[in-house]
Every structure is written in structure tokens, then in C-alpha cells.
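Single-structure report; data block below.
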Amino acid sequence: MTVLASTPSAGETWPVWFLVVAAVLASGLLLAGPALRRHYPATWWLCLGFPAACLRVARTWRPLMAGCGLAVSRKAALAVVSGLLSHGAPPPHPRVPRRGGIRPTAFGFWFPVRLLPGQVPEDFVKAAPAMAHDWRVHAVRVTTLEPGVVRITATAVDPLREPRAPRQRGAGHLLRVVVGVLESGAPWVVDLRKIPHWLVVGATRSGKSTLISALVAGLAPQPVALVGIDCKGGMELSLYERRLSALATDRAQAVKLLAALMDLTSDRMAVCRAARVRNIWGLPDEERPVPVVVIVDEIAELFLVANRNEKDEAQAAATGLVRLAQLGAALGVYLVIAGQRVGSDLGPGVTALRAQLGGRVCHRVTDSGTAEMALGDLNPDALEAAQTIAPDQAGTAVLASADGWERARSHLVSEERAEEIAATYAHLSPHLPELADAVGEPADGTTVHLERLDRNA
């Protein structure tokens with residue numbers, strides 16, 4: 001007689017050996033959990049953390065919505081009819097927003113939620129701390145996915161606590177650099193082709209210089225020209241002097257350098273016009289001029305004045321920066337403006353310049369005016385988040401653009417590493433004689449450049 005093996009049907013039990021193997025595997029996974037989390041955090045999250053988080057969300061969703069005032073009662077007439085038909089049974093449960101499927105991320109998860117009539121995304125934003133508490137995650141953010149639908153994103157751990165130096169993903173993408181990690185766990189990418197000009201603010205030891213170092217370190221291996229303006233005698237940017245095509249160390253040199261950059265953009269404008277293209281990226285590869293990234297460290301040094309002569313220099317510097325910001329993106333000139341304090345008290349030129357800088361990065365600042373200048377015109381939520389950065393969170397920043405805002409942290413590039421990178425890629429520094437000559441000119445040529453900048457304005 002032949003005996004056919006079959007799986008247990010309803011009412012039957014699983015074989016003992018199967019239960020033993022399942023118990024051993026589950027126990028081994030739990031025992032190996034701490035080591036797995038420490039050495040392979042992404043694997044641990046997908047195998048253990050994410051399933052547990054899904055169970056918590058499913059178990060708490062209805063009471064959480066009711067407790068946060070996001071549940072809507074059924075119609076009174078429906079409740080009465082239900083009571084009559086069910087002989088005094090409790091009325092039906094209130095309606096809660098419908099939740100979509102939960103999708104995992106690197107260190108968290110997200111899911112869409114369809115709003116009930118009368119609800120707005122701000123209602124869910126207020127409930128975000130309660131969600132984070134009930135789901136035992138680090139943070140919850142709510143954003144609008146489409147009209148009537150919000151996206152709830154949860155971060156299980158804080159990736160900004162110990163950010164690892166990320167690999168430069170997207171190698172071969174010109175003017176694109178990975179400088180750190182976002183709060184979501186994704187790499188923090190600065191793409192100058194997408195957002196050509198940036199404003200970076202932060203107090204002493206807030207991480208501003210670290211971010212600039214990470215940016216320069218990522219741009220150094222690329223075929224671009226790096227130009228520095230450091231009016232504190234070059235104390236910061238001199239680390240990269242071997243990789244810089246030009247470096248201005250005081251305001252007089254900065255004015256000359258900005259004038260030379262304006263002449264450079266005028267020449268490129270003529271080339272584009274002759275080729276009947278709208279920007280340098282429409283030119284053939286062999287005719288395209290090298291991109292130029294201008295890094296200005298401590299913008300206040302260019303605008304603070306003590307006498308009439310300094311006022312003229314400051315005005316010329318402001319005019320040059322605004323003109324470069326207006327024309328640079330199409331002509332391959334990109335600006336990264338950094339400073340400890342940036343406010344309207346530095347003059348109208350700062351406000352005009354700020355309007356041209358589409359990317360903003362705000363580290364911890366010592367005055368609310370600087371944070372307001374950096375983020376206030378883009379997103380009030382980003383401004384509030386920046387003002388909560390603690391002194392012990394060096395490197396942490398809020399970055400914002402027209403696309404939204406994120407918390408992020410740059411990875412550390414030491415001074416020794418900065419000098420090593422500059423030496424390694426010094427041979428890639430393009431020789432731009434018009435810029436080098438401008439910085440090397442004597443101080444008595446300043447008036448000529450002041451007149452040139454005023455004429456270009």
C-alpha cells in the first residue's frame with residue numbers, strides 16, 4: 001500500500017520536526033540580532049526591525065487616529081439604525097483615514113494615507129510626535145504626496161548620529177558630490193547642475209567649514225576650476241590652495257577676481273551667442289569651457305565697511321556676486337557662499353544676493369536673523385527645525401530649496417585629509433590666466449575694476 005505525504009490540513013498540527021526547526025531559526029535570529037544590527041544594520045532592519053514596525057503600525061493605527069482627533073464619527077442617523085438592528089449593540093466604530101501599504105526604506109518605512117473630508121495635512125503634522133512614540137521610531141515626517149493624500153515617513157534610527165563617509169555615488173556626473181547623509185538615511189547630494197548656487201550659514205564649530213571641505217574634496221577629482229575668496233587672510237581655503245585656480249585673501253583681491261569672473265562670463269556669453277545656444281552645455285564637448293565653482297568663505301567680510309573707500313569696495317563686491325548669480329548657471333559659473341552671520345544689516349546687496357541662491361544650508365546659528373535670512377523665505381518649518389539644532393550636533397544642518405527641506409549631516413574631512421586631496425589632484429587645476437592675473441595685480445589697480453563692475457551692473 002502506498003502512503004502519500006501531504007501538508008497538514010485544517011485542524012491538523014505541523015510535524016514536530018518542522019516546529020523545532022522553526023523555533024531554532026527564530027531563536028538564532030533573535031540571538032544574532034544585536035550583532036547583525038551592529039555590523040549589518042540594513043539587513044537587521046529588513047529581517048527584524050521592519051516586520052516588527054509593521055505590526056506596531058497595524059495594531060495602533062485605529063486608536064492612534066482616534067486619540068489624535070483624526071477619526072471622524074459616523075452619521076448620527078446611521079448610529080441609531082445600527083443600534084435598532086443590533087438590539088442595543090454599540091454604534092459602529094468611527095471612520096479613520098485609510099492607510100496604504102507600508103514600504104521599507106534603508107532605515108525606516110513610509111506609507112500613503114488618504115485624508116477624510118475636512119482634513120488637511122497640517123492635522124497629521126501635529127500628530128507626528130505621537131506616531132513616533134507609539135511606533136517606537138526616531139522621527140516621523142508628514143509631507144503632501146498629492147491632493148488629498150499625505151506621505152508618512154518614519155525613521156527608525158538617527159542616521160545623523162554617526163554618519164559614515166559615503167562613497168561618491170554617481171561617479172562621472174560632473175558637478176555632483178555626495179557630502180554626507182540625510183535624516184532619511186539617503187546620501188546627501190549637492191548637484192550644482194540642478195541647484196547652481198548655495199548659501200551656507202553656521203556659527204563657529206557648527207560644521208560649516210566641514211561641509212565646505214567635503215564639497216571641495218568631492219569636486220577636486222573632477223575637471224572643474226575651483227576659485228576661492230577668503231577675506232580672513234585665506235586661513236580656511238588655503239588648505240586647498242594647490243587645487244585652486246585662484247585665491248583672493250582680502251577684499252581688494254576679491255573685487256579684482258570678481259571683475260575678472262564677470263569678464264569671463266561675458267566672453268562665454270559671446271561664444272554661446274555665436275553658436276546659437278542658450279548655455280555652455282549646448283556647446284560641443286571640445287568647445288565647452290571648463291566649469292568654475294566659486295567658494296566664498298565668510299561673506300560678511302566682503303560687506304562690512306569702516307570708511308568711504310571700503311563702502312565702494314563692498315558695493316563692487318556685492319554687484320559682482322549678484323551678477324554672477326544671475327548669469328552664472330547658464331555660463332558654467334557656480335557660487336557657494338558661506339558665512340557665520342548673514343543678515344539684512346550687512347546691506348541691500350545681501351538680500352539681493354540671497355534671492356539668487358536657490359540652495360540653502362543652515363547649521364546651528366547664534367542669532368535668529370541669520371536663520372531667517374537663510375530659510376525664512378523658503379519654508380517656515382525648515383526655519384523652526386534649524387533653530388532646534390543643539391551645540392553638540394556639529395555638522396548637523398537643515399537644507400532647503402524650492403523642492404522642500406531635510407535635516408542632514410556632512411561627513412568629516414580632516415585638515416590633513418584636505419591638504420592630501422589638494423596635493424593629489426593639484427595637476428587637475430585648470431590654468432585660467434585671467435583669474436590668476438587678477439589676484440596677482442597690485443592693489444592700485446582696484447579702481448579700474450570698481451569702474452568695470454559698476455559698468456557691468
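The values are calculated or read from the model by the stated rules, or taken from the named source; none is laboratory data. Worth saying up front: this structure is predicted, and the values here are computed from it rather than measured. Glycine gets a Cβ as well: all are built from the backbone with ideal geometry, and neighbour counts include every protein chain shown.
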- Please give the number of the condition Ser344 fails out of (1) closer than 17 Å to Leu258 by Cβ; (2) touching a residue at least 24 places away in the same chain (Cβ under 8 Å). (1)
- Since Leu383 meets every condition but one in (1) touching a Gly at 6+ places or on another chain (Cβ under 9 Å); (2) more than 19 Å from Ala139 (Cα to Cα); (3) surrounded by fewer than 23 Cβ atoms within 10 Å (Cβ to Cβ), which condition does it not meet? (2)
- Across the stretch 201-212, which residue is farthest from the chain's Cα centre (by Cα) among those that are at pLDDT 90 or above and more than 17 Å from Thr388 (Cα to Cα)? Ile212
- How many residues does the stretch 229-284 contain that are touching a Cys at 6+ places or on another chain (Cβ under 8 Å), more than 30 Å from Glu416 (Cα to Cα) and not β-branched (Val, Ile, Thr)? 4
- Task: May I ask you to verify whether Val342 is of a type in the set (Val, Ile, Thr), surrounded by fewer than 18 Cβ atoms within 10 Å (Cβ to Cβ) and out of contact with any His (no Cβ under 8 Å at 6 or more places or on another chain)?
- Result: no
- Item | Hits in the stretch 315-355 (condition: of a type in the set (A, V, I, L, M), in a loop (DSSP other than H, G, I, E, B) and over 19 Å from the mean Cα position of the chain (by Cα)) | Val342
- Task: Identify the residue in the stretch 155-178 that is at pLDDT 90 or above and assigned to a strand (DSSP E or B) and, among all such residues, is farthest from Leu335 (Cα to Cα).
- Result: Val178
- Query: Among all residue pairs at least 6 apart or on different chains, which show Cβ distances below 8 Å where the first residue, located in the stretch 83-110, is surrounded by fewer than 16 Cβ atoms within 10 Å (Cβ to Cβ) and the second is modelled with pLDDT of 90 or more and basic (Lys, Arg)?
  - Reply: His93/Arg62; Arg98/Arg114; Gly100/Arg114
- Give me the pairs, please: first residue somewhere in the stretch 50-78 and within 17 Å of Val125 (Cα to Cα) and crowded, with 16+ Cβ neighbours inside 10 Å, second residue anywhere and at pLDDT below 90 and of a type in the set (D, E, K, R), beta-carbon distance under 7 Å, and either six or more positions apart or on two chains. Ala71/Arg95
- Task: Take the residues in the stretch 398-423 that are surrounded by 13 or more Cβ atoms within 10 Å (Cβ to Cβ) and among the hydroxyl-bearing types (Ser, Thr, Tyr), then tell me which one is modelled with the lowest pLDDT.
- Result: Ser401
- Please give the strands (runs of 3 or more DSSP E) falling wholly within the stretch 356-443 in which 3 or more residues are within 24 Å of Gly328 (Cβ to Cβ) and touching a Leu at 6+ places or on another chain (Cβ under 8 Å). 359-362, 396-401
- Query: Is it true that Ala426 is of a type in the set (A, V, I, L, M, F, W, C), modelled with pLDDT of 90 or more and farther than 22 Å from Leu182 by Cα?
  - Reply: yes
